[in-house]
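This report concerns only the one structure given below.
The values are calculated or read from the model by the stated rules, or taken from the named source; none is laboratory data. Predicted model only: the values in this text are computed from it and were never measured. In this analysis, Cβ positions are derived from the backbone assuming ideal geometry, glycine residues included, and neighbour counts consider all displayed protein chains. Accessible surface is based on the protein model in full, side chains and every heavy atom, while ligands, DNA and RNA are left aside. Shrake-Rupley method; radii C 1.70, N 1.55, O 1.52, S 1.80 Å.
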Amino acid sequence: MAAARALPLTATLLTGTVALYITLVAFGNITDFGTNQQFVQHVLSMDTTFKDDDLMWRAVESKGLQDAAYTAIIVWETIAALVLILGTFQWFRDDHPRARQTSTIGLLMLMLLFGAGFIAIGGEWFSMWQSQDWNGLDAAMRVFLLSGVVLLVNHLPMERVEPATGTRTNA
């Protein structure tokens, strides 16, 4: 019985950890809007890159567009946090199929944000990798990999013991 509970408990705790993390990130971005707003502005404007003429046409210098991008990031983070909190609650309630589905949505949201958004678009399109001051690639990779590991754990086959019969089935 204890072994049958180990994997769902792991999924619950790992999903909850990511939910807590992204909740704190979103909360920090909302309550201290200016700090990471500067980060987004510098990445989009490409003002701390090598300033290669072949790349600088990609720069977004409009403060309105920069703020819109940052606001969209915060909204995305907030929705992902809410989805992952719900997923954690569903894991806690042993509603494995719903928990798996809900957590998958939240974790994929983070993988898209940090993988496609920060690593691909920020890192490559806006050449964030060139900046010594405004390079968030390491942090983005950590979140991307953490989310991916939790996603894999959440999709491992889980053995369930049916209370009435004591038989074991995979969930």
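For the range 1-107, state which chymotrypsin sites (Phe, Trp or Tyr not before Pro) are in a DSSP loop and have at most 13 other beta carbons lying within 10 Å of their beta carbon.
PHE50
For GLU159, which sequence-distant residues (separation of 5 or more, or a different chain) have an amide H within less than 5 Å of its own amide H, given hydrogens modelled in the peptide plane?
For GLU159, whose amide H was placed from the backbone, the distant partners under 5 Å are ALA171.
So what are the ³J(HN,Hα) numbers for the range 15-22, from phi and the Karplus equation (6.51, -1.76, 1.60; θ = phi - 60°), rounded to whole Hz, Gly and Pro as x?
So the J values, rounded to whole Hz, are 4, x, 5, 5, 4, 4, 4, 6.
Using every alpha carbon pair in the chain, what percent of pairs falls into each 5 Å bin from 0 up to the bin containing the largest distance?
1, 9, 16, 18, 15, 11, 9, 7, 5, 4, 2, 1, 1, 0, 0
Give the angle, between 0 and 90 degrees and rounded to the nearest 10, that separates the Cα long axis of helix 33-45 from the longest principal axis of the Cα atoms of the chain.
Compared with the principal axis, the helix lies near 60 degrees.
Per residue of the range 143-152, what does 6.51 cos²θ - 1.76 cosθ + 1.60 with θ = phi - 60° give for ³J(HN,Hα)? Whole Hz please, x for Gly and Pro, Karplus curve as stated.
5, 4, 5, 4, 4, x, 5, 5, 4, 5
Please build a GNM for the chain, connecting alpha carbons under 10 Å apart, and tell me which residue among LEU55, LEU146, LEU86 fluctuates the most.
For the chain, modelled as a Gaussian network with Cα springs under 10 Å, the answer is LEU55.
Run the quick spin-label model on GLU124 and GLN101: label points 7 Å from Cα toward the beta carbon, then report their separation in nm to one decimal.
That separation, rounded to one decimal, is 3.3 nm.
With +1 assigned to the C-beta of every Lys and Arg and -1 to the C-beta of every Asp and Glu, and no other charges, what is the dipole magnitude of the chain about the Cα centre in debye, to the nearest 20?
With Lys and Arg at +1 and Asp and Glu at -1, about 840 debye.
May I ask for the angle, rounded to the nearest 10°, between helix 96-111 and the longest principal axis of the chain, with both axes built from Cα atoms and the value confined to 0 to 90°?
10
Using the Karplus curve 6.51 cos²θ - 1.76 cosθ + 1.60 with θ = phi - 60°, what ³J(HN,Hα) values do you get for each residue of the range 132-140, in whole Hz, with x for Gly and Pro?
Those phi angles translate into 7, 9, 10, 10, x, 5, 5, 5, 5 Hz.
With all protein chains present, how much of the accessible area of the chain (probe radius 1.4 Å) comes from carbon and sulfur, to the nearest whole percent?
That share works out to 67 percent.
Pairs of alpha-carbon atoms within less than 8 angstrom and 6+ residues apart define the contacts here; what relative contact order does the chain have, in percent?
It rounds to 29 percent for the chain.
Pulled fully out, how much extra length does the chain show between PHE27 and ALA116, if you take 0.36 nm times their separation in residues and subtract their Cα-Cα distance?
Computed gain between PHE27 and ALA116 is 29.8 nm.
Given the rule -39500 (n - 2.57) for each run of at least 4 DSSP H residues, summed and divided by the residues of the chain, what is its mean residue ellipticity at 222 nm, to the nearest 500 deg cm²/dmol?
Helix contribution divided over all residues of the chain: -21500 deg cm²/dmol.
Mind telling me which of ASP94, ASP53, ASP67 comes out most flexible in a GNM of the chain, alpha-carbon contacts under 10 Å?
Result: ASP53 has the largest fluctuation of those listed.
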